[in-house]
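A.B. asks: Have a look at the structure that comes next, please.
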Amino acid sequence: MHRYVLAVLSPRDLNFFWDSLERIDYIDIAVARYMETVKALETIRMFALEKNYDYIIIIPDDTIIPYTSISKIMIDCELFNHKIVTGYSRIRPGVSDCNVTLNPPWNIENLKGKPCYYQFYKFLKYNDVIGMLSEGKDIVKVWFVGWSLTAVHREVFEKVKFRGWITLTDYYGVWNQSCDLAFSYDVWKLGYEPYCDLTVYIPHLPTGRKNLNIGVKPEEFKFKERKRSIL
């Protein structure tokens with residue numbers, strides 16, 4: 001049995017997320033609060049290395065975590081020994097696009113340090129997900145993963161530091177943008193193959209930057225030990 005820690009990225013205070021997280025009692029939880037994304041990811045990555053976890057499972061706080069969803073990702077890791085396995089979300093409620101792709105975005109090699117626009121990704125459509133499930137394809141190989149319970153094995157996060165694809169400065173400060181794209185690209189160049197469990201759907205309720213508390217509230221790192229084991 002591998003050791004897992006849920007890596008929570010929480011720059012906001014969203015009750016719908018915390019209500020769902022409160023029910024999760026079968027995995028250790030590390031929460032990086034009010035930190036910019038790369039700092040939050042790197043803080044948890046270093047914690048996981050220090051504490052000898054085998055997998056981190058990444059989730060942002062603009063989601064709702066179904067109670068059994070994390071256990072499904074953990075079981076995928078145990079059964080198939082995947083080094084990277086994720087669930088998925090719709091980009092926004094009511095939109096068909098999901099936050100995984102089967103192939104690299106268009107012209108990705110020429111976009112290093114440049115914006116990768118929405119239409120370049122060719123996100124998997126929800127109808128495509130339903131079609132794959134109807135054919136018995138529960139777990140499929142993907143290229144882009146979007147942090148909807150993305151499990152990353154220690155072998156990978158020992159080699160890959162989290163970073164932004166581009167850095168932008170605006171009214172809210174300096175931001176490392178598209179960290180999930182940078183991660184997907186970096187693991188691709190190292191030869192890793194991410195997988196998506198199409199039975200693990202994570203509701204995504206984006207709220208925009210108006211709810212961010214980065215630079216507003218003091219940064220925090222919190223740890224909560226699991227109460228029970230399921231595997």
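A.B. asks: Once you've got the GNM for the chain with C-alpha springs shorter than 10 Å, pick whichever of ILE65, ILE130, ILE139 has the biggest mean-square fluctuation.
C.D. replies: In the Gaussian network model the winner is ILE130.
A.B. asks: To continue, here is another question. Where a ≥ b ≥ c are the square roots of the eigenvalues of the C-alpha gyration tensor, would you call segment 149-230 rounded, which needs a/c under 1.5, or, failing that, prolate if a/b is larger than b/c, or oblate?
C.D. replies: Oblate, since a/c reaches 1.5 and b/c is not below a/b.
A.B. asks: At 1.4 Å probe size, with no ligands or nucleic acids counted, give the accessible surface of MET74 in Å², nearest ten.
C.D. replies: Counting only protein heavy atoms, the figure is 10 Å².
A.B. asks: In whole Å, what are the extents of segment 1-128 along the principal axes defined by its C-alpha atoms, from largest to smallest?
C.D. replies: The Cα atoms of segment 1-128 stretch 39, 35, 31 Å along their principal axes.
A.B. asks: Which entries of LYS83/LYS112; LYS161/LYS189; LYS125/LYS159 show an alpha-carbon separation above 23 angstrom in the structure shown?
C.D. replies: Pairs exceeding the cut-off: LYS83/LYS112; LYS125/LYS159.
A.B. asks: Moving on. With every protein chain left in place and a probe of 1.4 Å, what is the accessible surface of ILE230, to the nearest 10 Å²?
C.D. replies: 70 Å²
A.B. asks: I need the shape label for the chain. Rule: rounded when a/c is under 1.5, else prolate if a/b > b/c, else oblate, with a, b, c from the alpha carbon gyration tensor. It would help to have the intermediate numbers written out before the result.
C.D. replies: Numbers: a/c = 1.28, a/b = 1.01, b/c = 1.26.
Rounded, since a/c falls under 1.5.
A.B. asks: OK, next. Ignoring ligands, DNA and RNA, please state the percent of accessible area on the chain from carbon and sulfur, probe 1.4 Å. Write out the running numbers ahead of the final one.
C.D. replies: Working: 5620 of 10910 Å².
That share works out to 52 percent.
A.B. asks: Compute, for ASP138, the solvent-accessible surface of its heavy atoms (probe 1.4 Å) with the complete set of protein chains present, and express it in square angstrom to the nearest 10.
C.D. replies: Roughly 70 Å² of ASP138 is accessible to a 1.4 Å probe.
A.B. asks: Which value in deg cm²/dmol, rounded to the nearest 500, describes the helix-derived mean residue ellipticity at 222 nm for the chain, given -39,500 (n - 2.57) per DSSP H run of n ≥ 4 and division by the residue count?
C.D. replies: Working: 7 runs with 64 residues, N = 231.
Mean residue ellipticity at 222 nm (helix-derived): -8000 deg cm²/dmol.
A.B. asks: Just to confirm my numbers, what's the Cα centroid distance between segment 9-32 and segment 38-89 in Å?
C.D. replies: When both Cα centres are located, 13 Å separates them.
A.B. asks: What is the dipole size for the chain, taken about its Cα centre, with +1 at each Lys and Arg Cβ and -1 at each Asp and Glu Cβ, in debye to the nearest 20?
C.D. replies: Dipole magnitude for the chain comes out near 280 debye.
A.B. asks: Of TYR117, MET46, TYR185, which is farthest along the charge dipole of the chain in the positive direction, counting Lys and Arg as +1 and Asp and Glu as -1 at C-beta?
C.D. replies: It is TYR117, whose Cα lies furthest towards the positive end.
The values are calculated or read from the model by the stated rules, or taken from the named source; none is laboratory data. Note that this is a predicted model, so its numbers are computed, not measured. Cβ coordinates were reconstructed from backbone atoms using ideal geometry, including for glycine residues, and neighbour counts include every protein chain displayed. Accessible surface areas use protein heavy atoms only, side chains included; no ligands, DNA or RNA. Shrake-Rupley method; radii C 1.70, N 1.55, O 1.52, S 1.80 Å.
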